[in-house]
1. Which residue out of B:54, B:156 is without any contact (Cβ under 8 Å) to a residue 12 or more places away in the chain and out of contact with any helix residue (DSSP H, G or I) (no Cβ under 8 Å at 6 or more places or on another chain)?
2. Which of the residues belonging to the stretch A:190-208 are in a helix (DSSP H, G or I) and without any contact (Cβ under 8 Å) to a residue 40 or more places away in the chain?
3. Condition check: within 21 Å of the chain's Cα centre (by Cα) and farther than 20 Å from residue B:208 by Cβ. Does residue B:298 satisfy that?
4. Being buried (at least 24 other Cβ atoms within 10 Å of the Cβ) and over 23 Å from residue B:79 (Cβ atoms) narrows it down to one of B:156, B:146, so name that one.
5. Quick one: which of B:335, B:276 is touching a strand residue (DSSP E or B) at 6+ places or on another chain (Cβ under 6 Å) and without any contact (Cβ under 8 Å) to a residue 60 or more places away in the chain?
6. I'd like to verify a number: residues in the stretch A:137-153 that are in a helix (DSSP H, G or I) and touching a helix residue (DSSP H, G or I) at 6+ places or on another chain (Cβ under 6 Å), how many?
7. Hey, among A:44, A:12, A:21, which residue is assigned to a loop (DSSP other than H, G, I, E, B), modelled with pLDDT of 90 or more and within 14 Å of chain B (Cβ to nearest Cβ)?
8. Taking the stretch A:61-91 on its own, how many of its residues are under 24 Å from residue A:213 (Cα atoms), in a helix (DSSP H, G or I) and within 14 Å of chain B (Cβ to nearest Cβ)?
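The values are calculated or read from the model by the stated rules, or taken from the named source; none is laboratory data. Values in this document were obtained by computation on a predicted structure and should not be read as measured data. Note that we place each Cβ from the backbone using ideal geometry, even for glycine, and neighbour counts take in every protein chain shown.
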């Protein structure tokens with residue numbers, strides 16, 4: 001069996017046994033509890049969350065209704081620029097969609113452009129597909145596998161592809177009986193790069209994560225943008241009431257708030273630049289990333305990780321590449337000061 | 001292909017094209033919008049919801065942490081009486097677990113004791129199993145299928161089984177390489193009937209729904225109680241962050257509130273008795289149910305459904321049995337009066 005074989009290769013396992021960012025408890029087992037608590041920079045989630053208006057009690061109490069999900073989908077369509085002939089499926093986080101998508105296809109091979117977010121390989125493996133890790137979109141395109149996954153921009157290095165190239169690749173995979181999954185979890189900060197406005201063909205499934213840009217990862221909300229036929233199958237696989245009432249409420253409010261979205265893009269851009277300057281001052285080279293996180297490559301990455309952790313600052317390390325560290329953005333001046341001090345010590 | 005073949009037989013499709021209770025919009029297309037809005041009695045959800053304390057912003061903003069899910073699971077263990085050697089898996093609604101469970105087993109046959117909640121048959125069908133509808137636990141036990149599903153108490157008729165019988169059946173199915181799924185979505189009102197305190201063996205998976213008894217169906221939270229081995233596979237299938245921050249918060253608060261739980265059981269019991277009396281006064285025979293809903297059998301069920309709907313009261317009808325109607329509980333005096341008036345007219 002091939003299941004889980006490529007698991008570790010895909011960078012899913014972090015230093016110290018932490019499988020993902022965002023769980024300081026695991027780091028605490030190794031480094032103890034910091035005097036002033038953790039400054040958690042181990043995720044790429046916007047630290048300045050969208051201010052969700054108070055949730056009406058009915059959002060908890062009764063089952064979400066079709067009409068409410070329709071309103072959420074309409075807001076997502078507008079915010080993401082989904083064309084009229086494409087369909088939108090909502091789920092309890094893009095993660096829920098990542099798990100279900102491999103079951104849409106007969107067991108075969110899938111190429112995953114990596115190293116990247118490890119959950120794609122896990123999900124395809126678990127569904128019985130053979131995962132082929134590829135290092136470039138070219139080697140991915142020439143491989144005969146019917147399905148492919150591209151995280152776009154890529155996590156953690158921020159690599160992007162041309163829209164034209166992704167569409168051509170999707171058409172090719174559709175001809176092979178498969179599809180291209182484009183995970184645009186971090187594209188909100190660079191909407192001009194998004195392939196979402198070009199969806200509608202059968203061989204393309206684009207994933208959009210709600211929680212990262214809006215800083216609301218806890219609500220669990222994500223979308224698949226694809227053709228009507230694929231959307232129908234996906235919905236049937238997910239079953240009814242896939243999204244909670246609070247998620248519908250928060251998602252509808254946030255996706256409609258174009259002012260907040262525009263202002264946040266500007267803030268994140270300047271924060272990412274500020275983080276670059278701070279890291280460079282500390283002698284760390286920023287090799288990539290998005291406006292939601294920055295990737296550092298350094299021969300001393302392990303020592304930097306430990307130094308920061310002992311000072312209560314948690315960043316993301318990778319077992320598949322010990323030279324890499326990923327930094328999320330601090331959210332307030334106190335946190336910026338704290339990161340600067342921890343890097344300087 | 002057998003897929004969806006038994007779909008309609010399992011009572012999943014309601015009058016007027018409504019697939020489930022809880023979505024008056026579909027009834028509205030047929031009957032128009034009632035002058036005073038809908039009184040929705042089409043679900044078995046407690047109309048008097050648990051009063052969730054204000055959700056901390058962190059529950060939305062960051063990813064749920066393992067430690068938080070552990071606290072929720074500890075609360076569920078205590079509330080449900082889960083033995084120490086059994087494991088608890090949480091998901092975004094019992095529905096999410098119903099979808100995943102069939103993928104734990106090699107494609108084969110599954111017996112479903114019915115008529116019952118239609119999503120079990122849908123999920124097993126979708127995963128490629130052949131669904132065999134059985135009308136009694138005896139015919140279910142003698143059928144050679146390795147997997148079985150029992151909704152306990154059953155929805156909509158309230159039928160229950162002996163704990164001893166369910167455990168013996170689970171052991172038998174485990175010997176056949178399968179398992180027994182006991183869906184205890186409505187058992188909270190009669191905890192003495194629950195098989196949950198007896199879980200721990202490998203052939204038994206018990207599902208517990210959070211939203212029905214606590215009146216918080218919108219938060220999407222459910223549990224599987226099973227052996228450690230099955231739990232591990234289930235968790236891997238669900239992937240990380242299966243439950244939202246708001247669901248963890250609401251679930252932990254509610255499941256710990258033993259006073260509310262005890263008082264609510266008493267209230268629901270007296271409300272169910274009041275509903276029985278009201279239905280009997282209207283000439284309708286109550287043939288079963290639980291303290292969260294009552295089942296009526298009547299030659300005039302179709303006419304009663306229409307009469308109530310035209311007066312803005314929505315109950316649950318069943319395409320597989322036109323003589324049946326299911327009534328949820330009204331939540332306040334105004335709603336009781338409204339139901340009484342609608343039945344009398």
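1. Result of the check over B:54, B:156: B:54.
2. Within the stretch A:190-208, A:192 is the sole residue that qualifies.
3. no
4. B:156
5. Details: B:335 fails: without any contact (Cβ under 8 Å) to a residue 60 or more places away in the chain.
It is B:276.
6. 1
7. One residue alone meets the criteria, A:44.
8. 5
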